[in-house]
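Chemist: Before we start, here is the structure in question, set down as structure tokens.
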Amino acid sequence: MNDHLKRLIERHGSVFPDTGPVRVFFCPGRMNLIGEHVDYNGGHVLPAAIDRAVYLCMSRNALKRFRFNDASFDASGDLPLSLFGAGAVVPKVWLYPAGALALVRSDWDEGLDLSFLSSIPPGAGVSSSAAVTTVTLYGALSMLGLPINTVELAKLGQRVEREYAGVACGIMDQFAVIHGRKDSAMLLDTRDLSFEYLTIDSSRIHFVLVNSGVKHSLRESGYNDRRRECESALALLRGMGAGIDHLCELGPAEYERMAPELPAVERKRARHAVTENARALDFHRLMRSGDNAGAGALLYASHASLRDDFEVSIDELDRLVEWAAPLPGVFGSRMMGGGFGGCTITMLEAGAAAGEFAREIGARFQSAYGGPPQVFECTIGEGVGELAP
Ligand code: GLA
């Protein structure tokens, strides 16, 4: 049993001494190799589950209440079984687990105790919220003995984001943290949710995340704005006769032909969606043929597109990519996730390169911004599951 787990179970027993037998679940965070801001445009994404997770200890209580404890934030609270019923106020810290419990069933008749402990850095853009939501959904369904369909589970997780957190997100994060497989990324077609695994040879390639530490308040509103702008571009293109249901269905040549008629903002957002989808497919092909340098070049192109056409990058992320490029062993680098903060992902040759990379980036970040960035190497792990207590 790992130390996280031991600590969590002990804490659960001391915070809830009157509770029933425990079960323990975990759900990882995710990284995304390429395919950014295309999961709500019918594009292809290439995420993977990381080796950091939210652990959840769950048991029944006889109090007809949900009781929560979070060891990472040292927070606790309790809510009625009706959760979001009339007059209820759900504190922000419990929004995701409460939303998940409310979607699992609307007529809870017995209480649960839930203790969380996370090894995922919060606010780094590695989907700690998808992990908390998914582990709660998975745990609650398991406690009720209900069957779990993994695609439906991802859709429920997405509904929690939309209905309770107000973020009109795509399905990439939830899908990735559920379907994660050791040493594999997954190429997901977000149009029909079909996917295939791509083996990542961890003896040759490493992925390193560098957290800018910027948790921008624009993240949610900026994200929803981008989504609306993409919808507007799609509507305009359809009005011009494009026979598409999603922006990413437009081929690059068709885009070039129609782009001059689009207003400037829609033109840029659509260009990002169309080119990023093509890059994700090319990246997958190049990685399969072992062309790491070719694949890495696409990461830089993805960053430039997110910065210039999609306008979701920030100065810290641009600098991190720029500093990474000349370092030994670096294949490519880009900002990752929704943007307006969060982290970069860098693809590195395995071996000594990671240590030097961390030192160099750390020193440059420190002198530019006055504090060290968080640099973490991620191995690719398994998706959501139950652990033996
Ligand atoms: C966030 C969203 C995802 C996806 C990414 C950008 O992580 O939750 O659905 O849109 O941003 O690729």
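Chemist: Of everything in region 11-44 that's of a type in the set (Asp, Glu) and open to solvent by 10 Å² or more (accessible area, probe 1.4 Å), which residue is farthest from the ligand (Cβ to nearest atom)?
Modeler: This residue is ASP18.
Chemist: Go through (1) under 30 Å from GLY351 (Cα atoms); (2) more than 14 Å from the ligand (Cβ to nearest atom); (3) not in a loop (DSSP other than H, G, I, E, B) one by one and return the number of the condition SER142 breaks.
Modeler: SER142 satisfies all of (1) under 30 Å from GLY351 (Cα atoms); (2) more than 14 Å from the ligand (Cβ to nearest atom); (3) not in a loop (DSSP other than H, G, I, E, B) except (1).
Chemist: Looking at region 157-169 only, could you name the residues that are surrounded by 20 or more Cβ atoms within 10 Å (Cβ to Cβ) and either modelled with pLDDT of 95 or more or acidic (Asp, Glu) (or both)?
Modeler: GLY157, GLN158, VAL160, GLU161
Chemist: Hey, another quick one. From the list PHE365, PHE376, exactly one residue is part of a helix (DSSP H, G or I) and in contact with a strand residue (DSSP E or B) (Cβ under 8 Å, 6 or more places away or on another chain). Which is it?
Modeler: PHE365
Chemist: Cβ-Cβ under 8 Å, sequence separation 6+ or interchain: first residue in region 155-167 and farther than 16 Å from ILE178 by Cα, partner small (Gly, Ala, Ser) and more than 12 Å from the ligand (Cβ to nearest atom). Which pairs?
Modeler: GLU163/GLY99; TYR164/ALA98; TYR164/GLY99; TYR164/ALA102; ALA165/GLY99
Chemist: Test each condition in (1) modelled with pLDDT under 95; (2) on the phi < 0 side of the Ramachandran plot for ARG65 and report the one that comes out false.
Modeler: Single failed check for ARG65: (1).
Chemist: So, in region 78-136, of the ones that are farther than 22 Å from GLU382 by Cβ, β-branched (Val, Ile, Thr) and part of a helix (DSSP H, G or I), which residue ends up least open to solvent (accessible area, probe 1.4 Å)?
Modeler: Going through the qualifying residues, I end up with VAL104.
Chemist: Against the conditions (1) polar (S, T, N, Q); (2) in contact with a strand residue (DSSP E or B) (Cβ under 9 Å, 6 or more places away or on another chain); (3) open to solvent by 50 Å² or more (accessible area, probe 1.4 Å), where does SER212 fall short? Just the number, please.
Modeler: It is condition (3) that SER212 fails.
Chemist: Sticking with this one: Just one of ARG181, ARG191 is in the same structural domain as PHE68 (by TED's automatic domain parsing), in contact with an Asp or Glu (Cβ under 7 Å, 6 or more places away or on another chain), more than 14 Å from the ligand (Cβ to nearest atom) and open to solvent by 20 Å² or more (accessible area, probe 1.4 Å); which is it?
Modeler: ARG181
Chemist: Please state which of the following conditions ARG204 fails to meet, knowing it meets all the rest: (1) under 26 Å from the mean Cα position of the chain (by Cα); (2) surrounded by fewer than 13 Cβ atoms within 10 Å (Cβ to Cβ); (3) more than 30 Å from ASP51 (Cβ to Cβ).
Modeler: So ARG204 meets the others, but not (3).
Chemist: Inside region 1-37, can you point out the residues that are in a loop (DSSP other than H, G, I, E, B) and closer than 23 Å to VAL208 by Cβ?
Modeler: Correct list: ASN2, LEU33, ILE34, GLY35, GLU36, HIS37.
Chemist: Please go through region 236-258 and pick out each residue that is free of Cβ contacts under 8 Å to residues at least 60 places away in the same chain, of a type outside the set (Lys, Arg), outside any loop (DSSP other than H, G, I, E, B) and in contact with an Asp or Glu (Cβ under 9 Å, 6 or more places away or on another chain).
Modeler: Matches in region 236-258: LEU236, LEU237.
Chemist: All but one of (1) surrounded by 22 or more Cβ atoms within 10 Å (Cβ to Cβ); (2) more than 16 Å from the ligand (Cβ to nearest atom) hold for ASP70; which doesn't?
Modeler: (1)
Chemist: Let me confirm something: among ALA131, ALA75, ALA49, which residue is away from the ligand (no atom under 16 Å from the Cβ) and of a type in the set (A, V, I, L, M)?
Modeler: Result: ALA75 is the single residue among ALA131, ALA75, ALA49 that is away from the ligand (no atom under 16 Å from the Cβ) and of a type in the set (A, V, I, L, M).
Chemist: Is there any pair linking a residue in region 123-150 that is under 16 Å from GLY385 (Cβ atoms) to one that is open to solvent by 20 Å² or more (accessible area, probe 1.4 Å) and within 12 Å of the ligand (Cβ to nearest atom), with Cβ under 8 Å and at least six apart or on different chains, and which?
Modeler: If the second residue must be open to solvent by 20 Å² or more (accessible area, probe 1.4 Å) and within 12 Å of the ligand (Cβ to nearest atom), the pairs left are ALA130/ASP173.
Chemist: Please go through region 333-369 and give me each residue that is within 25 Å of the chain's Cα centre (by Cα), without any contact (Cβ under 8 Å) to a residue 60 or more places away in the chain and open to solvent by 10 Å² or more (accessible area, probe 1.4 Å), ordered by number.
Modeler: GLY362
The values are calculated or read from the model by the stated rules, or taken from the named source; none is laboratory data. What you are looking at is a predicted structure, and each value in this text was computed from that prediction instead of being measured. Please note: Cβ atoms are built from the backbone with ideal geometry, for glycine as well, and neighbour counts cover all protein chains shown. With ligands, DNA and RNA removed, areas are computed over all heavy atoms of the protein, side chains included. Shrake-Rupley method; radii C 1.70, N 1.55, O 1.52, S 1.80 Å.
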